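Q: Here it is, the structure in full.
The values are calculated or read from the model by the stated rules, or taken from the named source; none is laboratory data. Since this is a predicted model, take the numbers as computed values, not measurements. Quick reminder, even Gly has a Cβ in these numbers, built from the backbone with ideal geometry, and neighbours come from all protein chains shown. When the accessible area is computed, the model is the full protein with side chains, heavy atoms only, and any ligands, DNA or RNA have been set aside. Shrake-Rupley method; radii C 1.70, N 1.55, O 1.52, S 1.80 Å.
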Amino acid sequence: MSITLDSPLDMHLHLRDENMLSTVAPLSAKTFSGAIIMPNLVPPISTKDELLAYKSRILEATKGHTFKPYMTLFFKPTYTKEFLESVRDELTAIKLYPAGITTNSEGGVAGFDVEELRPTLTAMSELDIPLCVHGETNGFVMDREAEFVSIYEMLATNFPKLKIIMEHITTKESVEALDKFENLYATITLHHLLITLDDVAGGMLQPHLFCKPIAKRPQDREALRRVAFKAHPKVMFGSDSAPHPQHAKESCGCAAGVFTAPIAIQVLTELFTQYSTIENLQAFLSGNAQNIYSNIEIPKKTIVLEKEAFLVPNKYGDVVPIYAGETIKYSIIERKEI
Ligand code: DOR
Ligand code: ZN
């Protein structure tokens, strides 16, 4: 039996720049209609000129595909309403990183002083620009996301009109927060639906599964699965596919990030089928995001999958994907782009 998916969206994607961009961008553009593009380049995307230039490099790298890059800026509390108005038409969201918490986030927010953030977040609410947040404190690594929930609550109550997206949630505490505040939403990755900390560090250390936030306990994965599999209307797929060259992963001081983009849809299909919830994949992979990000334009694209073995390549360029060298159960057999 074949499975048809319309206009899949990846609401959290790292495409990088230069050679890496040329390697990875077509792999997403082939199967996804669009993706929210993370701004954590070096230096981060924080001006209109940088955003427009990066967008055209992405369009160049994805030429020949129907693919929409939804652009973001790296949050700074110095953004004024005038500046945001001037960039509004080119911007889908703004990504907030706590300072130093993950790859290229050194210029992020330190301290979370609500009064310091107020002018920019008020302007974003007024202009209906969603705030995407990497929600981790700098506490003990397994507790960072749960500790950050109080910051989400502070943001959600102080800025009730601001759409706040809890990015790549990994814990049951974040899942619980979703239903407490009307303006909180979340993305969920493929890898956090698949693995727990045991898969990363329970046996031989698996650098290609190391990411931020780190995969958590079985009960956390269970909470994520519960909302993803039923396509809870406030959650959407965001791969957080984060490519690093092989030497940066297989080294002393492993870079954080799991590269999933080329096989994400196939493995999601396998997972949703396995849990008898395949009828909800369309909403998780596209419909919910369309409702949450209500003003985005979505190119039409149809993907047809069948239960047919697919051998995952050992590498795409210099990047090792999840399941490298292993066989997954579903293959994409047809793509229709308009
Ligand atoms: O694992 C991660 N990798 N988490 C992030 O938040 C950033 C990402 C990256 O850019 O490599
Ligand atoms: Zn990310």
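Q: State yes or no: is M38 more than 14 Å from ligand 1 (Cβ to nearest atom), open to solvent by less than 10 Å² (accessible area, probe 1.4 Å), closer than 30 Å to A99 by Cα and not β-branched (V, I, T)?
A: Taking the combined requirement at face value, the residue does not satisfy it.
Q: Of all residues being within 16 Å of ligand 1 (Cβ to nearest atom) and assigned to a loop (DSSP other than H, G, I, E, B) in the range 228-246, which is surrounded by the most Cβ atoms within 10 Å (Cβ to Cβ)? Just the residue, please.
A: A242
Q: May I pose another question? More than 16 Å from ligand 2 (Cβ to nearest atom) and within 29 Å of N288 (Cβ to Cβ): is that true of P26 in this structure? Please lay out each step first, then the result.
A: On the way: more than 16 Å from ligand 2 (Cβ to nearest atom): yes; within 29 Å of N288 (Cβ to Cβ): yes.
Yes, satisfied.
Q: Do the conditions hold for G100, that is, is it small (G, A, S), more than 21 Å from K163 (Cβ to Cβ), in a loop (DSSP other than H, G, I, E, B) and over 21 Å from the mean Cα position of the chain (by Cα)?
A: no
Q: Turning to a different aspect of this structure: When you scan the range 84-99, how many residues do you find that are open to solvent by 50 Å² or more (accessible area, probe 1.4 Å) and either of a type in the set (S, T, Y) or modelled with pLDDT under 95 (or both)? It would help to see each step written out before you state the result.
A: First, pick out the residues of the range 84-99 that are open to solvent by 50 Å² or more (accessible area, probe 1.4 Å): 85-86, 89-90.
Applying the additional criterion that residues be either of a type in the set (S, T, Y) or modelled with pLDDT under 95 (or both) yields 86.
Number satisfying all stated conditions: 1.
Q: Being outside any loop (DSSP other than H, G, I, E, B) and among the aliphatic types (A, V, I, L, M) is the filter here; which residues of the range 66-97 pass it?
A: Listed by number, the residues that qualify are M71, L73, L84, V87, A93, I94, L96.
Q: Mind listing just one residue for me: the one in the range 128-139 that is touching an Asp or Glu at 6+ places or on another chain (Cβ under 7 Å) and touching a residue at least 24 places away in the same chain (Cβ under 8 Å) and, of those, most open to solvent (accessible area, probe 1.4 Å)?
A: Among those that are touching an Asp or Glu at 6+ places or on another chain (Cβ under 7 Å) and touching a residue at least 24 places away in the same chain (Cβ under 8 Å), it is T137.
Q: Which ones in the range 328-338 are open to solvent by 40 Å² or more (accessible area, probe 1.4 Å) and either within 16 Å of L194 (Cβ to Cβ) or of a type outside the set (D, E) (or both)?
A: Across the range 328-338, the qualifying residues are K329, I333, R335, K336, I338.
One line per residue, one yes/no per condition, for (1) surrounded by fewer than 20 Cβ atoms within 10 Å (Cβ to Cβ); (2) within 29 Å of P262 (Cβ to Cβ):
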residue: V141; (1), (2): yes, yes
residue: E147; (1), (2): yes, no
residue: T187; (1), (2): no, yes
residue: G202; (1), (2): yes, yes
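Q: Further question on the same structure: Of all residues in the range 125-155, how many are closer than 28 Å to S86 by Cα, among the charged types (D, E, K, R) and not in a helix (DSSP H, G or I)?
A: So the count comes out to 1.
Q: Moving to a separate point now. Hey, Q290 hits all of (1) polar (S, T, N, Q); (2) under 25 Å from L178 (Cα atoms); (3) over 17 Å from the mean Cα position of the chain (by Cα) but one; which does it fall short on?
A: If we test Q290 against (1) polar (S, T, N, Q); (2) under 25 Å from L178 (Cα atoms); (3) over 17 Å from the mean Cα position of the chain (by Cα), just (3) comes out false.
Q: Also, quick follow-up: Among the residues of the range 281-327, write down those that are in contact with a Ser or Thr (Cβ under 7 Å, 6 or more places away or on another chain), under 21 Å from I129 (Cα atoms) and open to solvent by 30 Å² or more (accessible area, probe 1.4 Å).
A: I298
Q: Does R225 satisfy the criteria of being touching a His at 6+ places or on another chain (Cβ under 8 Å), charged (D, E, K, R), more than 22 Å from L41 (Cα to Cα) and open to solvent by 10 Å² or more (accessible area, probe 1.4 Å)?
A: Criteria not met by R225.
Q: Now a separate question. Among the residues of the range 103-115, write down those that are open to solvent by 40 Å² or more (accessible area, probe 1.4 Å) and either in a helix (DSSP H, G or I) or of a type in the set (K, R) (or both).
A: The answer is E115, and nothing else.
Q: Please go through the range 13-65 and give me each residue that is of a type in the set (S, T, N, Q) and not in a helix (DSSP H, G or I), ordered by number.
A: Across the range 13-65, the qualifying residues are T31, S33, N40, S46, T47, T62.
Q: Follow-up question, since we're still on this one. Being away from ligand 1 (no atom under 14 Å from the Cβ) and either hydrophobic (A, V, I, L, M, F, W, C) or closer than 27 Å to L15 by Cβ (or both) is the requirement here; does L209 meet it?
A: For L209, the condition - away from ligand 1 (no atom under 14 Å from the Cβ) and either hydrophobic (A, V, I, L, M, F, W, C) or closer than 27 Å to L15 by Cβ (or both) - is not met.
Q: Within the set of pairs 6 or more residues apart or between chains, which connect a residue that is among the basic types (K, R) inside the range 28-42 to a residue that is more than 11 Å from ligand 2 (Cβ to nearest atom) and assigned to a loop (DSSP other than H, G, I, E, B) with Cβ atoms less than 7 Å apart?
A: Cβ pairs passing all conditions: K30/H65.
Q: Residue check: is G253 modelled with pLDDT of 95 or more, at positive phi and of a type outside the set (S, T, N, Q)?
A: yes
Q: I'm checking my understanding of the structure. Among residues of the range 11-35 that are within 14 Å of ligand 1 (Cβ to nearest atom) and of a type in the set (D, E, K, R), which one is surrounded by the fewest Cβ atoms within 10 Å (Cβ to Cβ)?
A: My answer is D17.
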